[in-house]
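The values are calculated or read from the model by the stated rules, or taken from the named source; none is laboratory data. Since the model is a prediction, treat every value here as computed from it, not as a measurement. Because the Cβ atoms are built from the backbone with ideal geometry, glycine has one as well, and the counts that use them run over all protein chains shown. Ligands, DNA and RNA are stripped out before the accessible areas are found, and what is left, the full protein with its side chains, is counted by its heavy atoms. Shrake-Rupley method; radii C 1.70, N 1.55, O 1.52, S 1.80 Å.
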Amino acid sequence: MRKPIIAGNWKMNKTVGEARELVTALKDKLADVTDVEIAVAPPFTALSAAAEAIRGSNIKLAAQDMYWEEEGAFTGEVSPLMLKDVGCQYVIIGHSERRTYFSETNETVNKKVKAAHAYSLNPIVCVGERLEERESGVTKDVVKDHVVNGLADLTEEQIRNTVVAYEPVWAIGTGKTATPEQAQEVHRFIRELLTQIYSLTVAEAVRIQYGGSVKPDNVAQLMAQPDIDGGLIGGASLDADSFTQIVKFPGC
Ligand code: PEP
């Protein structure tokens with residue numbers, strides 16, 4: 001049985017004070033949740049305050065990105081050692097916004113994923129096609145490229161501790177959600193790829209989240225799909241009530 005994981009990607013939102021306020025509210029509202037793993041990914045500047053505020057709770061801390069080196073002359077970057085030090089257990093890697101605006105490639109994703117594992121950080125690795133790719137019928141080719149190359153050369157233990165987030169780019173921040181059937185088809189495809197690369201046992205253990213305009217009113221249908229094991233939530237994670245409703249989706 002895979003325990004669902006629902007993570008809030010706050011993107012470039014929330015000052016330190018606002019972050020503290022949001023996690024404090026979530027800590028209270030989500031205290032009774034035991035059957036879903038919960039994580040929040042504030043911006044780097046608010047990680048420390050958020051870590052302090054969620055201490056002792058069932059909410060885990062995630063970062064939105066990192067560099068693959070431990071330290072050195074890499075101005076502006078944050079290392080896996082630093083994320084570990086501040087209390088992160090997860091790190092989002094390869095988000096489509098990083099691929100689009102900051103030249104992230106499968107190669108850099110793979111370096112970051114390996115570095116995350118080297119520091120016992122669990123990567124949440126985003127994969128997914130753009131609208132023109134879906135429309136031209138190459139969704140599975142794109143997703144295969146992201147999975148095979150972004151997750152290349154991981155050990156069985158590392159892939160088990162990796163979360164894959166299927167995020168169709170056309171659904172991120174647009175209000176257009178993939179239908180549960182569209183999402184399930186790609187999630188199934190990802191699990192089949194993992195079966196080919198590793199084994200059925202390993203593939204069955206890997207959690208695959210869906211991301212893309214998940215809201216309180218569509219989460220239950222998505223989560224009812226057999227290969228959808230959670231959600232990566234952007235906009236709706238910025239509000240304590242909507243993120244709480246998503247985490248406590250009906251039927252969970
Ligand atoms: C995301 O940023 O990963 C995301 C899925 O955003 P949204 O929920 O706003 O579409």
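Structural remarks
- For Val125, nonlocal amide neighbours, meaning residues 5 or more places apart or on other chains whose placed amide H falls under 5 Å from its own, are Ile93, Val163, Val164, Ala165.
- In this simple spin-label approximation, Arg55 and Ala25 carry label points 7 Å from Cα along the Cα→Cβ vector, and these lie 2.4 nm apart.
- Once you reduce the range 198-252 and the range 17-43 to the center of their Cα atoms, the two points are 16 Å from each other.
- Net length gained if the chain between Glu181 and Leu131 were fully extended (0.36 nm per residue, minus Cα distance): 16.3 nm
- In plain terms, the C-alpha convex hull of the range 105-208 casts an average shadow of 6.5 nm² when viewed from every direction.
- Amide hydrogen neighbours beyond the local backbone of Gly8, cut-off 5 Å, H modeled: Ala39, Val40, Ala41, Ile233
- Set the Cα radius of gyration of the range 174-214 against 2.2 N^0.38 Å, with N its number of residues, and you get 1.31.
- Taking the average, over residues, of other Cβ atoms within 10 Å as the packing measure, peptides 121-128, 11-18 rank 121-128, 11-18 from highest down.
- The apolar share of the surface of the range 93-252, taken as the fraction of accessible area on carbon and sulfur atoms (1.4 Å probe, ligands and nucleic acids excluded), comes to 49 percent.
- Convex hull volume per residue for the chain, taking Cα atoms only, in Å³: 116 Å³
- For the set Trp170, Trp10, the ranking by accessible area, highest first and with no ligand, DNA or RNA atoms included, is Trp170, Trp10 under a 1.4 Å probe.
- q = 0.13, 0.23, 0.27 Å⁻¹, the range 128-183: log10 I(q)/I(0) [Debye, one scatterer per Cα]: -0.39, -0.94, -1.10
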